[in-house]
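What follows is one structure encoded as C-alpha cells, with my remarks underneath.
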Amino acid sequence: MLPDHVHERHFAQLGLLKEILDETGLATNLLEKSDAIPLHVLMAGFQEDKKERERFLHFSFLPLNDEEIAAIQLLQIYSTLPFHLEEGKRDEVAAVLLEINTRLPIGHFGINEHNELHYRYVYSISAARSFDSEEVLEILSLFVYMCDMFADHVELVASGEADAEQVVQALRG
C-alpha cells in the first residue's frame with residue numbers, strides 16, 4: 001500500500017496532465033481513488049476511430065515503493081479497443097498481436113483476463129520534474145497513431161473476418 005503523500009502527489013500530477021489535455025480540447029475526467037478504484041485515474045476521450053466509435057485514454061501512475069525507486073515514476077497510458085473478441089478467436093488474435101508488437105516503437109497491444117483488447121504504454125518520467133506539455137502531446141500523438149495503424153488488423157481477426165495467417169502475411173508484405 002502506498003503512503004498518502006504518494007497518492008496526493010499522483011493526484012496532483014494527474015491534475016496537471018488534465019490541464020494539458022483540457023487545453024487541447026479533449027474531454028477529461030479525473031477520478032479519485034476509492035474502494036472501487038484503487039488508484040487515481042484520469043480519463044480522456046480522443047478522436048473516434050474510422051467506424052465512428054468512441055475511444056478513451058486512461059492515465060494512472062503505477063504504484064512504486066518510493067524507498068526502492070525514487071528517481072522515476074511510471075505513468076500508464078491505456079486504451080481499450082472499441083470492438084469485441086469473438087469466442088474462439090483468442091489464440092489467433094494473440095498471434096497477430098505478437099506480430100504487431102514487434103513493430104511498435106512504444107507500448108504493446110494485449111488481451112486481458114476479460115478478453116478485452118487494449119493498447120498500453122508505460123511512460124517513465126523523472127520524479128524530479130513535472131510534465132512537459134510538448135513531450136506529453138508528442139507521446140499521445142504517437143500512441144493514437146499506433147492505435148490507428150494497427151487496430152484494424154486486430155479487429156479483422158477478432159471479428160472472424162480474416163484469419164491470423166492472412167493478417168500476419170499482410171503485415172509482413
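The values are calculated or read from the model by the stated rules, or taken from the named source; none is laboratory data. This is a predicted model, so every value here is computed, not measured. Neighbour counts run over all protein chains shown; Cβ positions are idealised from the backbone, glycine included. Surface accessibility is based on the protein's heavy atoms, side chains included, excluding ligands, DNA and RNA. Shrake-Rupley method; radii C 1.70, N 1.55, O 1.52, S 1.80 Å.
Observations on the structure shown:
- Residue in segment 152-160 that is open to solvent by 20 Å² or more (accessible area, probe 1.4 Å), among the charged types (D, E, K, R) and in contact with a helix residue (DSSP H, G or I) (Cβ under 9 Å, 6 or more places away or on another chain) present: no
So that you can scan it fast, the table gives a plain yes or no per residue for (1) closer than 30 Å to LEU17 by Cα; (2) within 16 Å of the chain's Cα centre (by Cα); (3) modelled with pLDDT of 95 or more; (4) of a type in the set (Val, Ile, Thr):
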| site | (1), (2), (3), (4) |
| --- | --- |
| SER130 | yes, no, no, no |
| ASP148 | yes, yes, no, no |
| VAL154 | yes, yes, yes, yes |
| VAL157 | no, no, yes, yes |
| ALA162 | no, no, yes, no |
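- If you check LEU85, LEU64 for being of a type in the set (A, V, I, L, M) and within 21 Å of LEU30 (Cα to Cα), only one passes: LEU64.
- Residue within segment 112-123 that is open to solvent by 30 Å² or more (accessible area, probe 1.4 Å), in a helix (DSSP H, G or I) and of a type in the set (Phe, Trp, Tyr) present: no
- Residue list for segment 124-155, filter: touching a residue at least 24 places away in the same chain (Cβ under 8 Å) and out of contact with any Phe, Trp or Tyr (no Cβ under 9 Å at 6 or more places or on another chain): SER124, SER126, ALA127, ALA128, SER130, PHE131, SER133, LEU137, ASP148, ASP152, HIS153
- For segment 111-154, a residue qualifies if it is over 17 Å from PHE61 (Cα atoms), among the polar types (S, T, N, Q) and in contact with a strand residue (DSSP E or B) (Cβ under 8 Å, 6 or more places away or on another chain), and exactly one does: ASN112.
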